[in-house]
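In what follows, a structure is listed as structure tokens, so that the remarks can point back to it.
The values are calculated or read from the model by the stated rules, or taken from the named source; none is laboratory data. In this text, all values refer to a predicted model and were calculated from it rather than measured experimentally. In this analysis, Cβ positions are derived from the backbone assuming ideal geometry, glycine residues included, and neighbour counts consider all displayed protein chains.
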């Protein structure tokens with residue numbers, strides 16, 4: 001890809017983000033375009049349409065009347081388009097150096113099934129130890145949560161872990177959230193059949209962005225349930241942002257029950273992400289199949305191999321796809337070059353000592369009430385309550 005194409009895509013993304021958040025009373029299309037580096041409205045219209053669809057109708061009418069200059073006319077912000085937002089996000093990541101793909105794109109139906117298989121592997125210690133903690137301290141955990149609460153589980157996937165708390169907590173409603181619609185609805189239906197008195201209200205959404213904030217939830221002061229080690233996929237500052245969202249949604253009487261993987265021997269961590277059966281490798285490579293399906297691409301899964309290692313300095317597992325054959329692939333309307341040895345980062349999984357994670361939560365307006373761990377301290381289950389928000 002030429003430098004010119006790279007910067008044009010970046011400018012278009014800037015325009016799109018600005019329009020999505022624009023104040024229709026105060027924002028001028030002229031100001032948006034010039035600030036993003038465009039001087040010809042016609043070029044902006046054509047390029048924008050290729051990536052995101054048509055510009056707002058008010059802007060297009062202005063363009064027809066003033067083809068040679070930017071009109072000083074107030075705009076109407078476009079409504080978000082999920083497919084176009086997805087294309088923009090994926091291209092943003094693949095145009096970075098090094099290239100990146102967000103881990104949420106692991107989870108199509110096959111990816112979700114592969115992850116369920118990973119959780120049953122002997123090498124992947126997290127589910128086994130986490131379930132042991134819940135079994136050992138179930139009474140304490142349920143007493144902290146209380147009964148008749150609305151339980152919200154972002155990234156619920158197979159809806160299996162909520163069973164660790166049922167029927168003891170007798171929730172008023174259970175709201176599983178996941179990006180994979182078919183997987184979520186299938187498993188939410190199974191849960192409803194297994195627990196006939198339980199209100200199951202599945203929500204298809206991406207809990208890693210602000211769309212979760214727009215969802216109207218049953219009841220007030222919910223308790224969020226975020227088991228596993230998914231919080232490790234966020235950069236530390238993003239952990240704070242995510243927990244701030246939960247803090248806002250839970251109000252003054254809610255809570256957060258969360259699983260956090262701890263720092264430990266690097267060999268244990270390496271083996272957990274490099275299983276000899278190759279299930280984790282298949283899960284990692286499947287993200288390319290998923291993106292091809294979502295965005296009409298021809299990324300070459302056979303031209304990549306799985307790489308995972310523990311970065312001790314950063315306290316995180318890094319998972320990548322390494323290119324083994326130079327090639328050009330097409331995705332979301334763009335041709336991208338891949339060189340031998342080039343890495344695409346697909347996941348970071350940060351590990352935290354309990355006091356490290358508690359300090360992040362405190363910055364998000366949460367205070368730790370309880371901590372439960374296994375004897376080896378390989379994993380933490382933590383319960384947080386609302387506190388004053390801090391800067």
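Listed values, structure above:
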{"read-out": "Close pairs (6 angstrom Cβ cut-off, 6 or more residues apart or separate chains): under 17 Å from residue 108 (Cβ atoms) in the stretch 295-310, assigned to a loop (DSSP other than H, G, I, E, B) and modelled with pLDDT under 95 anywhere", "value": "295/332"}
{"read-out": "Residue 328 within 25 Å of residue 123 (Cα to Cα) and part of a strand (DSSP E or B)", "value": "no"}
{"read-out": "Check on residue 133, in a helix (DSSP H, G or I) and either within 29 Å of residue 221 (Cβ to Cβ) or not assigned by TED's automatic domain parsing to the domain that holds residue 348 (or both)", "value": "yes"}
{"read-out": "Inter-residue pairs, beta-carbon under 6 Å, first not assigned by TED's automatic domain parsing to the domain that holds residue 230 and in the stretch 94-110, second in a loop (DSSP other than H, G, I, E, B), 6+ apart", "value": "none"}
{"read-out": "Single residue of the stretch 208-227 satisfying the filter (part of a helix (DSSP H, G or I) and under 20 Å from residue 363 (Cβ atoms)) that is modelled with the lowest pLDDT", "value": "213"}
{"read-out": "Which numbered condition residue 97 misses (of (1) over 20 Å from the mean Cα position of the chain (by Cα); (2) surrounded by fewer than 16 Cβ atoms within 10 Å (Cβ to Cβ); (3) farther than 23 Å from residue 234 by Cα)", "value": "(3)"}
{"read-out": "Test: residue in the stretch 355-367 that is without any contact (Cβ under 8 Å) to a residue 40 or more places away in the chain, crowded, with 17+ Cβ neighbours inside 10 Å and either out of contact with any helix residue (DSSP H, G or I) (no Cβ under 6 Å at 6 or more places or on another chain) or farther than 30 Å from residue 254 by Cα (or both)", "value": "yes"}
{"read-out": "Residue match in the stretch 228-250 (condition: assigned to a strand (DSSP E or B), assigned by TED's automatic domain parsing to the domain that holds residue 316 and more than 26 Å from residue 85 (Cβ to Cβ))", "value": "no"}
{"read-out": "Search result, residues across the stretch 311-325 that are closer than 30 Å to residue 126 by Cα and in contact with a strand residue (DSSP E or B) (Cβ under 7 Å, 6 or more places away or on another chain)", "value": "311, 315, 316, 317, 318, 319, 320, 321, 322, 323"}
{"read-out": "Qualifying residue in the stretch 336-350 (condition: touching a residue at least 12 places away in the same chain (Cβ under 8 Å), closer than 30 Å to residue 369 by Cβ, in the same structural domain as residue 89 (by TED's automatic domain parsing) and out of contact with any helix residue (DSSP H, G or I) (no Cβ under 8 Å at 6 or more places or on another chain))", "value": "no"}
{"read-out": "Tally, over the stretch 117-130, of residues that are assigned to a helix (DSSP H, G or I) and in contact with a helix residue (DSSP H, G or I) (Cβ under 9 Å, 6 or more places away or on another chain)", "value": "6"}
{"read-out": "Scan of the stretch 180-207 for residues that are at pLDDT below 90, buried (at least 20 other Cβ atoms within 10 Å of the Cβ) and assigned to a loop (DSSP other than H, G, I, E, B), ordered by number", "value": "180, 207"}
{"read-out": "Any hit, the stretch 262-280, residues being in contact (Cβ under 8 Å) with a residue 24 or more places away in the chain, under 30 Å from residue 147 (Cα atoms) and either surrounded by 14 or more Cβ atoms within 10 Å (Cβ to Cβ) or not assigned by TED's automatic domain parsing to the domain that holds residue 356 (or both)", "value": "yes"}
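Matching residues to (1) outside the structural domain of residue 286 (by TED's automatic domain parsing); (2) surrounded by 20 or more Cβ atoms within 10 Å (Cβ to Cβ); (3) more than 24 Å from the chain's Cα centre (by Cα):
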| site | (1), (2), (3) |
| --- | --- |
| 138 | no, no, yes |
| 144 | no, no, yes |
| 148 | no, no, yes |
| 160 | no, no, no |
| 163 | no, no, no |
| 174 | no, yes, no |
